[in-house]
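Asks: The following block contains the structure, expressed as structure tokens.
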Amino acid sequence: MGILFIEYPKCSTCQRARKWLTEQGVKFDSRHIVEENPSAKELEKWHQKSGLPIKRFINTSGMKYRELQLKDRLPSMAEEEIYTSCSERMGCL
């Protein structure tokens, strides 16, 4: 098993990333983000392992971000609430 590559196949950025991984000979398992959205536990694990701010995992350009008014809500949300909220809503990541 290689790395887990979570993608939206119609996304041009994902297509370029997939192509690059393939060209570099990187072994990966692909997972369609719409068909199998990451769980809250996965998000928590990846976030903690990365050391990045949680906002880096959120699709801040997406319609869900605007629809859920996450720009205003994120700063006051607990991390667990963010993990759960995003794992339950498509388009948040």
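Asks: Of all residues in the stretch 13-27, which are part of a loop (DSSP other than H, G, I, E, B) and open to solvent by less than 60 Å² (accessible area, probe 1.4 Å)? Give the derivation first.
Replies: Pass one, the stretch 13-27, residues part of a loop (DSSP other than H, G, I, E, B): 24-27.
Matches in the stretch 13-27: 25, 26.
Asks: Taking the stretch 28-46 as the search range and keeping residues that are in a helix (DSSP H, G or I) and open to solvent by less than 100 Å² (accessible area, probe 1.4 Å), which one is nearest to residue 88 (Cα to Cα)? Walk me through it before giving the result.
Replies: Applying the first criterion (in a helix (DSSP H, G or I)) to the stretch 28-46 yields 40-46.
So of that shortlist, the ones also open to solvent by less than 100 Å² (accessible area, probe 1.4 Å) come out as 40, 42-44, 46.
Working: 40: 8, 42: 12, 43: 11, 44: 14, 46: 17 Å.
Only one residue fits best here, namely 40.
Asks: Does the stretch 37-58 contain at least one residue that is under 23 Å from residue 14 (Cβ atoms), in contact with a strand residue (DSSP E or B) (Cβ under 7 Å, 6 or more places away or on another chain) and modelled with pLDDT of 90 or more?
Replies: Yes, the stretch 37-58 has at least one match.
Asks: Please name all residue pairs, on different chains or six or more residues apart, with Cβ atoms under 9 Å, provided the first residue is in the stretch 68-83 and is within 11 Å of residue 54 (Cβ to Cβ) and the second residue is β-branched (Val, Ile, Thr) and open to solvent by less than 20 Å² (accessible area, probe 1.4 Å).
Replies: Close Cβ pairs satisfying both conditions: 70/58; 70/82; 74/58; 74/82; 82/58.
Asks: With in contact with a Gly (Cβ under 8 Å, 6 or more places away or on another chain) and either in a helix (DSSP H, G or I) or open to solvent by 90 Å² or more (accessible area, probe 1.4 Å) (or both) as the only criterion, which of 49, 64, 10 stands out? Working first, answer last.
Replies: Working: 49 fails: in contact with a Gly (Cβ under 8 Å, 6 or more places away or on another chain); 10 fails: in contact with a Gly (Cβ under 8 Å, 6 or more places away or on another chain).
Sole residue among the options that is in contact with a Gly (Cβ under 8 Å, 6 or more places away or on another chain) and either in a helix (DSSP H, G or I) or open to solvent by 90 Å² or more (accessible area, probe 1.4 Å) (or both): 64.
Asks: Take the stretch 3-46 and flag every residue that is in contact with a Phe, Trp or Tyr (Cβ under 9 Å, 6 or more places away or on another chain) and among the hydroxyl-bearing types (Ser, Thr, Tyr). First the steps, then the outcome.
Replies: To start, the set of residues in the stretch 3-46 that are in contact with a Phe, Trp or Tyr (Cβ under 9 Å, 6 or more places away or on another chain) comprises 3-5, 14, 17-18, 21-22, 26, 28-34, 38-44, 46.
22, 30, 39, listed by residue number.
The values are calculated or read from the model by the stated rules, or taken from the named source; none is laboratory data. Please read these numbers as outputs of a predicted model, since none were measured by experiment. For neighbour counting, all protein chains shown are included, and Cβ atoms are generated from backbone atoms with ideal geometry for every residue, glycine included. When the accessible area is computed, the model is the full protein with side chains, heavy atoms only, and any ligands, DNA or RNA have been set aside. Shrake-Rupley method; radii C 1.70, N 1.55, O 1.52, S 1.80 Å.
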